[in-house]
Each structure stands twice: as structure tokens, then as C-alpha cells.
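Quick notes on the structure that follows.
Every number here is computed from the coordinates shown, using simple stated rules; none is lab data. A quick note: this is a predicted structure, and the numbers were derived from the prediction, not measured. Cβ: placed from backbone, ideal geometry, glycine included. Neighbour counts: every protein chain shown.
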């Protein structure tokens with residue numbers, strides 16, 4: 001019986017790894033719950049679209065990121081509250097930094113306050129719970145939440161495996177100038193080194 005359980009576990013692990021590799025070949029797919037039946041944006045067909053095989057899925061493809069000190073992807077901006085923002089056309093992906101997930105430990109729950117709701121910059125838009133603490137996330141830019149990563153509902157611990165690969169929300173920002181006020185990767189890395 002013990003050998004059977006070990007073999008079954010190895011098969012499950014192999015299937016999981018194989019599935020992840022298939023997704024990586026065509027771009028990381030993240031299911032986004034938009035609260036609607038369809039999301040259409042003809043201007044960004046490769047980055048934002050519907051996956052007809054699942055309800056209201058939107059693709060997130062982090063692409064090949066240049067890496068800065070401590071592996072914080074460049075091309076994104078960061079807040080002093082350890083949230084990253086990656087622009088993509090008229091939208092932005094928002095997630096937590098690797099630094100924050102390390103500090104929190106094992107993440108067990110992610111809750112976002114609302115889809116299609118407007119949030120001012122620096123207001124709480126989500127809560128993350130780990131085994132040891134609860135952390136509020138503050139909106140890095142003023143804007144409307146268009147979608148929530150529903151993969152994190154079932155598997156919040158994915159943030160621990162690679163926080164920069166799993167956005168929490170898709171945001172329609174009000175003002176692109178707010179993005180420029182956030183820290184680039186090298187400045188954020190210096191900030192956390194001096195924390």
C-alpha cells in the first residue's frame with residue numbers, strides 16, 4: 001500500500017509539472033473572474049482575451065522580463081507597500097512582490113473587495129491572509145478593478161511559488177502619470193535593502 005501511495009503521488013506530481021510546462025509554452029494562463037460573460041478588447045488581442053474553455057478567463061502573459069537586483073522585473077513599477085504594477089495597453093496587472101510573500105509566509109487566503117468598483121490610490125482593495133498574519137493591500141493607482149484572479153481563490157499559495165507570475169487584479173487606471181510616480185525595479189530593490 002505504501003508503494004502504491006508513493007507511485008500515485010509521483011504520477012500526480014508529474015501530471016502537475018507537465019500541465020504547467022504546457023501552459024508556459026503558450027504563455028502563462030491566469031483565470032480572471034470579470035463578473036461578466038465576455039471581455040473584449042480588439043486593441044490587445046494577444047494579451048487580453050477570452051479563453052472559451054473556461055468562464056471569463058483573461059490571459060496574463062508576463063513575457064520575458066529583464067531582471068534587476070533581487071529578481072524584481074523591470075518594466076513594472078512598485079509601491080513602498082510591496083505591490084507591483086505591470087502596464088499592458090490601457091490596463092494594468094497588479095500583484096504583490098516577492099518580498100511581501102516571503103515576509104508573510106504561507107498564504108492561505110486572498111480576498112478582493114470588488115469587481116467593477118472604483119478605488120482611489122492608497123485605499124485598501126484586497127486582503128491577504130497567511131498562517132501568521134493578515135495584510136491589507138493598498139491600491140497603487142486610482143482606477144476600476146476589471147477582473148480578479150480566480151486561480152488565487154482555490155490556490156492562494158501560488159503567490160508563494162512566484163508572486164511576480166500571479167497578478168491579483170486587472171485594473172483600468174485613471175491617470176498614467178500616477179504610474180510614473182511609482183518606484184522602478186532598481187529603486188524598489190534599494191528601498192527594501194534599506195528596510
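For region 72-131, residues that are surrounded by 20 or more Cβ atoms within 10 Å (Cβ to Cβ), under 15 Å from residue 174 (Cβ atoms) and without any contact (Cβ under 8 Å) to a residue 40 or more places away in the chain total 1. Listed here are the strands (runs of 3 or more DSSP E) enclosed by region 88-178 that have at least 3 residues being within 13 Å of the chain's Cα centre (by Cα) and under 24 Å from residue 195 (Cβ atoms): 91-96.
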